[in-house]
1. Are any residues in the stretch 625-636 open to solvent by 10 Å² or more (accessible area, probe 1.4 Å) and out of contact with any Phe, Trp or Tyr (no Cβ under 8 Å at 6 or more places or on another chain), and if so, which ones?
2. Using the structure shown, decide if ALA209 is crowded, with 18+ Cβ neighbours inside 10 Å, of a type outside the set (D, E, K, R) and under 39 Å from the mean Cα position of the chain (by Cα).
3. Is there a residue being more than 32 Å from the chain's Cα centre (by Cα), open to solvent by 60 Å² or more (accessible area, probe 1.4 Å), under 28 Å from LYS647 (Cβ atoms) and in contact (Cβ under 8 Å) with a residue 24 or more places away in the chain anywhere in the stretch 527-538?
4. Taking only pairs six or more apart or across chains, which ones have beta-carbon atoms under 9 Å, a first residue in the stretch 731-756 that is without any contact (Cβ under 8 Å) to a residue 24 or more places away in the chain and over 9 Å from GLY711 (Cα atoms), and a second residue that is of a type in the set (Gly, Ala, Ser) and part of a loop (DSSP other than H, G, I, E, B)?
5. Given the stretch 74-182, what strands (runs of 3 or more DSSP E) lie entirely inside it while holding 3 or more residues that are of a type outside the set (Asp, Glu) and more than 21 Å from ALA25 (Cα to Cα)?
6. Out of curiosity, is ILE639 within 15 Å of THR533 (Cα to Cα), at pLDDT 85 or above and open to solvent by less than 50 Å² (accessible area, probe 1.4 Å)?
7. Considering only residues that are in contact with a Gly (Cβ under 9 Å, 6 or more places away or on another chain), among the small types (Gly, Ala, Ser) and more than 19 Å from THR780 (Cα to Cα), which ones fall in the stretch 725-753?
Amino acid sequence: MAQQIPVSVNMQPTADQLKALVECAQDLTALLTADGTILHVNAAFVSTLAIPAEELIGTNIMDLVHPSGTEDARQFLKVLATQPGGMQTSRSRLRCKDGSWRIFEAVVKSHLQDPAVGAIAASFRDITELYRMEKESRVISGVIHALNESSNLDELLSKVHEALSQVLYAENCFIVLHDHGTGMFYFPFFRDKFDIAPPPQKIGRSCTAYVFRTGRARIISQTEFDRLAEQGEVELVGSPSPDWLGVPLKTPKETIGVLVVQHYEQENVYSQRDLEFLESVGGTIALAIERRRAEDALRRSESTFRLLFDLNPLPTWVYEKDTMRFVEVNEAAIRLYGYTREEFLGMTLKDIRSAEEWERVKDVILQAWKENRFTGQWKQKKKNGQIMEVESNAHEFESGGKIMRLVVARDITEQSSLEQQLRQAQKMEAVGRLAGGVAHDFNNLLMVVKGHTELLLGSLAGMPQLRKIEQIDRAADRAVSLTRQLLAFSRMQVLQPRMLVLNEIVEEMAKLLPRMIGEDIDLVIRTAAGLGTIRADASQIEQVLMNLAVNARDAMPSGGRLTIETCNAELDEGYHSKHPSVHPGRYVQLSVTDTGMGMDAETQAHIFEPFFTTKELGKGTGLGLATVYGVVKQSGGFIWVYSELGKGTSFKIYLPRLDAPADKSGEKQTSTEIPRGTETILLAEDEQDVREVAREFLESAGYTVLEAKNGKEALKLAAEHQGAIDLLVTDMVMPGMTGQELAVQLRQKGGTARVVYMSGYAEQAALQAQEQEEHSKLLTKPFSRTTLLRTIREMISRPL
């Protein structure tokens, strides 16, 4: 039975741990007092709003909230102040440094009664771009809906203006149309803060005329206006505006007018995206106006609807409400779904969904409508069977005595995939930090257990108690193995990386794996010639292969085939766009593929989490794949899993390719002799039990030990000691002074330059110290007496 590690259910994260979690969050996160005063913000908060942390801390969050939302925000805080653990969610607008506003989904939770926090935690997810896309989609649907509802041009243009105002600043907006008969401009729609609708006028040389003549959409700032005026292209007509945007209203045949929005107080209000959006809406407006001109009754004509419908870049269709049969589809829908128009018109809405998805959503499609509109996200099926996620906006209208539904759809499969990858990466990072912290604490405890059992084993030879001590030692070894796996997952273990050729490790492991996986599984090895070198710890890569092979074996209880392959790989920007965590470049690929039972999507989402296992109780620790994940990440690589139920599983690992000569130095053998010495060693360790074990290890080998419980005491002992101190052995993390700070101060006072750092895990500072300090070494707890004494002798013997 696997050894169970006791974990206190009452363990609570400290304030420092919570702040660390806040800092690594991708969302904007802040800690607030009950009245909204900002106590702390994370890096995402600062970078997104472009406001330095020192300007934010101490101010009130209400200073950032849009005036329309401050009253609700105050009510949220008031409620949370009286509800321990209470939570509120809302959509909020926050002000950036430049005065612009961004839109966020806000989650606010009270931790005021939690002594480790004592604040209200607020998390803001930036949905500005998503909100913009949603609004644009709604506006397009709204324009189409207005075409179906409006009976005259004035009503249509008013509704179009109302829809535009949801996306961009359109308080000052007008539409000018060109009359072929008179050659004049006239203004069927005009909204302005200062000017009134002008009478019909000659085309002239206004900015509006310039866009009409060139047929090109333009953003004209004051600087651009001055430049065009100097060239004689434009002249001032009406009130001057610092920012002006005009788009031509084009039909397939000609330009019939111009749509204009402008701002009188600010420059740089309109962006290129606004221009493109307004241009697409302008095309829609132009088509609508042209249709109503042609029909005098200002009603929707079949020809213009067909043109508007087919030119819509988003998949669009019409289906009958009662039968759910398609009655019309546009070219975009045909391209996306893969059916011909004739195939579509012989299908129903049910045919573009899987049977399971249809059972889930059919009642919603039939009933969940509000004001003849509906917006939702669905899983839909292409002709080739591929499932995609679609966001759709739908409207009801009547035609020929039947209720029809017009649907505008948008494929959001890639967007959803990227969001899921981001959420998974954030979760794995948070779990990794927690696992690393747990392993760190256990390593200090195991150092004491292992140290004393080793000392007892050496002193109780032949005694009846020896067998019990050996059992304790073996149990501690199993605990050490578990904590090492946790450290591997959390990327906090100490690696010994060197340049190596992956093929050599695969070929060596191929000699060992057959005995482990059994005779009923065929092992196939395919190594690519000319494989580039990688920088990694050879023993850890062997562990990765071993864990993946064991995982494959357990997935093939009735036998099968296990294939291990290597090759060089070039990953481009296209791959990066689908996997944002991957940097484009050259890699060495390791693939491990089995023909086993495979996994469903839910299992794949959790397989790299520590202690997650699908095996029965007692058959696995759930750390095998977590270890693989951690080793790959700590080696600078990444791993993906591809699997389907009944079709097997393939793990693909990508490690950075360096193409440098392989380093054979890591293959040297170590002597079994335990060295001794008579030198003086300064030992600094804040954990008394660990300090006592280390002292006994050192004294048993003949060394003189000066023992200190912290850095300050160590400096005092060094100053009072009359002789030379040959080596400093210090814990990396101690209260008041770190081990690295102690080593620096000791050197400055003329003490020893040689240092051995002890650590419960590979903190970043410890790894940097080992790399940057020539005469330093890092030992990870728990270490044996032999390991400590060999390291001591190696460091003392190393010339300064």
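1. Within the stretch 625-636, LYS633, GLN634, SER635, GLY636 meet the criteria.
2. For ALA209, the condition - crowded, with 18+ Cβ neighbours inside 10 Å, of a type outside the set (D, E, K, R) and under 39 Å from the mean Cα position of the chain (by Cα) - is not met.
3. Within the stretch 527-538, the subset more than 32 Å from the chain's Cα centre (by Cα) is 527-530.
In the following step, the residues that additionally are open to solvent by 60 Å² or more (accessible area, probe 1.4 Å) were identified as 529-530.
Going one step further and asking which of them are under 28 Å from LYS647 (Cβ atoms), we end up with none.
Checking the stretch 527-538: not a single residue is more than 32 Å from the chain's Cα centre (by Cα), open to solvent by 60 Å² or more (accessible area, probe 1.4 Å), under 28 Å from LYS647 (Cβ atoms) and in contact (Cβ under 8 Å) with a residue 24 or more places away in the chain.
4. ARG747/ALA753
5. Numbers: elements: 87-95, 101-111, 119-126, 172-179.
In the stretch 74-182, the matching strands (runs of 3 or more DSSP E) lie at 172-179.
6. Working: within 15 Å of THR533 (Cα to Cα): no; at pLDDT 85 or above: yes; open to solvent by less than 50 Å² (accessible area, probe 1.4 Å): yes.
No: the conditions fail for ILE639.
7. Scanning the stretch 725-753 gives a single hit, GLY736.
Condition check ((1) closer than 15 Å to TYR339 by Cβ; (2) of a type outside the set (Lys, Arg); (3) modelled with pLDDT of 80 or more; (4) part of a loop (DSSP other than H, G, I, E, B)) across all residues:
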residue: GLN377; (1), (2), (3), (4): no, yes, no, no
residue: GLN380; (1), (2), (3), (4): yes, yes, no, no
residue: LYS383; (1), (2), (3), (4): yes, no, yes, yes
residue: VAL390; (1), (2), (3), (4): yes, yes, yes, no
residue: HIS395; (1), (2), (3), (4): no, yes, yes, no
residue: ILE403; (1), (2), (3), (4): no, yes, yes, no
residue: ALA409; (1), (2), (3), (4): yes, yes, yes, no
residue: GLU414; (1), (2), (3), (4): no, yes, no, no
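The values are calculated or read from the model by the stated rules, or taken from the named source; none is laboratory data. Note that the structure is a prediction, hence the values are computed from the model and not measured. Neighbour counts are summed over all protein chains in view; Cβ atoms, including those assigned to glycine, are modelled from backbone coordinates with ideal geometry. Note: accessible area is taken over every heavy atom of the protein model, side chains too, but ligands, DNA and RNA are not part of it. Shrake-Rupley method; radii C 1.70, N 1.55, O 1.52, S 1.80 Å.
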